[in-house]
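The next block holds one structure in the form of structure tokens; read it before the comments.
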Amino acid sequence: MTSAPADSSAFAGADAAALLSALPDPAVWVRADGHFALNTAARERLGAVDGLAQNWALLFSVAAAQELRDAVAQALRGKVSCLSVTMPGAVAPALATITPAGPGAALLHFRESHDPLEVALEIMDRMGLGMTVQGADSRILHANTLAPAILGLSPEQLTGRDSLDPRWQAIHPDGSAFPGETHPSLVALHTGQPLLDVPMGVFHPAAGEWRWLTVTAIPRRAPGMNRPQQVTTVFADVTEGHRTREDLRRSEQRFRSLVEATSQIVFSTDAQGHFDGRQPDWEAFTGQSPEEYLAGRGGEAIHPGDLIESARLWREALQSGSVYDTEHRLRRHDGVYVPMRIRAVPVLNEDGGVREWIGSYTDISAVRGAEAALRALNAELEGRVAVRTQELAEVTRFSTLLLTAAGEGVFGLDASGRITFANPAAARLLGYSVERLIGSQQHALIHHSHPDGTPYPLADCPIHQTLRDGQNRRLEHEVLWHATGHAVPVSCVVTPLFSETGAVTGAVLMVQDIAERLRSQSLLQDAIEDLERSNADLEQFAYVASHDLQEPLRTLGSYAELLSRRYGEQLDGRANQYLGFMQDAAGRMRGLIQDLLEFSRVGRAGSAPTPLALSDAVQAVAHSMGAALESGQATLEWDTPHTVLAHAPLIAPLLTNLIGNGLKFTAPGQPARVRVGSRQDGEMVYITVQDNGIGIAHEYQERVFEIFQRLHRREDYAGNGMGLAICRKIVEHHGGTLWLESTPLPDPDHGSTFHFTLPAAPDPRRQDPQQQDSQRQDPSHA
Ligand code: ADP
């Protein structure tokens, strides 16, 4: 089979002569001068050779010839006519159509009674085209001889196949699938519109390759029907053309991408710097035609912004014969300016003159890109630095404000001990201006001497020590020297500053004026001493007074007793009663004095505290209270497994007083029950003495600890109100505290709990690990 021209439609290549010769009907071309030509069919049918017969009319019967001559004459005047003529050897008349065929010529066409479809199929075969006729269901009803050949199928395979048959495997030029329902024949059937020159790839099973077709589909309507009943499809194999085009396109692309990939343009010029001859690289890259660049318009491809400088350098190179080396932007064929580096070197003649120049362009857009990226990065970094600087400035401003406002003196020192910073408080403290301080050696200016005036060697200075060893230091009693020459007592904190590598670069010295603190401390000390003195005086007085009072009181009591014993019978009842009152009072006074004496004795220098098992102490108290407890009216329980560190002679009265009160202040009709407990918390033992007595109203719960404070009449409950005062003094003397919780009557839960703390005896387990086991087995230590 032959192929149609690559870019034509199925019909475009067929000219009138070809069509005529392909026509299965006889046709005769006649000129006014009598010259004539026959097509193939006419030659076969009429058996004549062109031009040999002088008269074309002789080919026909006389009758027909006459009619035809008239018709030709008409056609030569431009008129078409149809005749019914009998062809030689034929029975049925043929239809002759005589038409004008150009100036001074006419065409005689004879249509014998042929099936028009057959005619068409035959024409297509002769024109090298495939043709099929498909029915309404798109099944192929007829195909010309070439159709199966073009499609690589047998006529049997082709006939009956419809457009939707999956075996077609058609594709579009871009390689995408060309589904059956979009085939031109089917579309024409459905829409009733012809589709012209549709490119389509089909797999040619016989050749085992893809073939490219251009397909034209023309719907055929039966007279009076709206929908087409058939579709005629004509197709040409254009594979060769397609291939050539595709190859061209590919090689051009390859070439172009090669140029773009290397972006290397090699060029040559004559000694004067003009392009000599064609420059394929230059052409390919810039898209300039030889006419353009050979006419000296090559520079038009250089970016206007770079042109003047490049031209100047080029002139210089040409004049001096030195290497031309520059950069400029060169316009690519697509209009994009590409940054290029250009180097051109002179090629010398034997005589040393320049013969020509050879140069190259190198695309440096990648370099430029990297540079741009670097620049962008730099800009971003700078931006970040700016932001950071701004932040730092803010922080600095804030810290400066803070330092300025601070009441403490703050010095910045460099590694050599020079003052690099001082805040107003520091300047104020030492009587210097900030300006005077900054730049001075700290030690020499303000730290040169000890408080007693003796020189303070730099080697001993703890601030400088920090500059050497990078340690933080807190200095409690330093002295800095005021501008006027007096010592300023200070406490300082020295904080080292480090470089990124860890070297000490300086220190910050925070200085607090402790003159005021020292002054108030000494005032406080004085006050304490005064108080202690007066306390001691008072205690001395109480002691002396109570001690000295005892003697006359004893005398008074003794004589009252003597009087009562010796002369009681001589005195009347009233005198005896008075004497009894006197003796009572003397006894009470003795008790008061003893209590007072006891109170004042608490805390007087005595023996050191010793470990004391609480259980033993409570046990002893219980023993001394035997009578009260044995009566069965009262109970005392204790669970006190702890050991305290205490003065044993003081713990006895403490417990006696508290337990005694618990047994004494009983609620009417309720037997007293007192419980003593203890628990340890850290270094202190918490002891509670709990009773079920009358309780103490909230408003008196503090007052009961004052001396001589009682809440009841002596007739109701004995006592002189010293007990709790003595107890609190004893507890506080041990470093503990005493307080109470109480719910008074008539609350059914009435009763009081006295709490006090005493230092725990050091844990023997910690001192002697070997004792651990035995101690652990002792449930009292659990
Ligand atoms: P007194 O020698 O009178 O007992 P205290 O100083 O021991 O003096 O007690 C002061 C007062 O506190 C007592 O008079 C009593 O009113 C009240 N008081 C002390 N302990 C108790 C207690 N356990 N229950 C109720 N009241 C108490």
Among the residues of the stretch 716-728, are any farther than 29 Å from A613 by Cα, more than 8 Å from the ligand (Cβ to nearest atom) and at pLDDT below 95? yes
Check every one of the helices (runs of 4 or more DSSP H) wholly within the stretch 121-204 and list those with 3 or more residues that are surrounded by 18 or more Cβ atoms within 10 Å (Cβ to Cβ). 146-151, 184-191
So for the stretch 34-52 (the condition being modelled with pLDDT of 80 or more, over 29 Å from L146 (Cα atoms) and more than 60 Å from the chain's Cα centre (by Cα)), does at least one residue qualify? yes
Consider Y700 against the criteria (1) within 30 Å of A608 (Cβ to Cβ); (2) more than 7 Å from the ligand (Cβ to nearest atom); (3) not hydrophobic (A, V, I, L, M, F, W, C): it satisfies all of them except one. Which criterion is unmet? (1)
Of the candidates A425, A459, the one satisfying the condition of being of a type outside the set (S, T, N, Q), modelled with pLDDT of 90 or more and in a helix (DSSP H, G or I) is A459
Does G693 count as without any contact (Cβ under 8 Å) to a residue 60 or more places away in the chain and closer than 19 Å to H647 by Cα? no
Condition met for L711 (near the ligand (Cβ under 7 Å from one of its atoms) and in a helix (DSSP H, G or I)): no
Condition met for L518 (of a type in the set (A, V, I, L, M, F, W, C) and without any contact (Cβ under 8 Å) to a residue 24 or more places away in the chain): no
Examine the stretch 681-691 for a residue that is within 15 Å of the ligand (Cβ to nearest atom) and more than 24 Å from N720 (Cα to Cα), and state whether such a residue exists. yes
Mind counting the residues in the stretch 592-648 that are in a strand (DSSP E or B) and not hydrophobic (A, V, I, L, M, F, W, C)? 6
Among (1) part of a strand (DSSP E or B); (2) of a type outside the set (G, A, S); (3) farther than 25 Å from D616 by Cβ; (4) near the ligand (Cβ under 8 Å from one of its atoms), where does E741 come up short? (4)
R436 vs. criteria surrounded by 15 or more Cβ atoms within 10 Å (Cβ to Cβ), closer than 23 Å to L518 by Cα and basic (K, R): no
Can you tell me which residues in the stretch 656-677 are more than 8 Å from the ligand (Cβ to nearest atom) and either of a type in the set (K, R) or crowded, with 22+ Cβ neighbours inside 10 Å (or both)? I659, R673, V674, R675, V676
Report every pair of residues separated by at least 6 positions or lying on different chains whose Cβ atoms are under 7 Å apart, first residue within the stretch 652-669 and in a loop (DSSP other than H, G, I, E, B), second at pLDDT 95 or above and more than 11 Å from the ligand (Cβ to nearest atom). none
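The values are calculated or read from the model by the stated rules, or taken from the named source; none is laboratory data. Note that the structure is predicted; figures quoted are calculated from it, not measured. All Cβ positions, glycine included, derive from the backbone under ideal geometry; neighbour counts span all protein chains shown.
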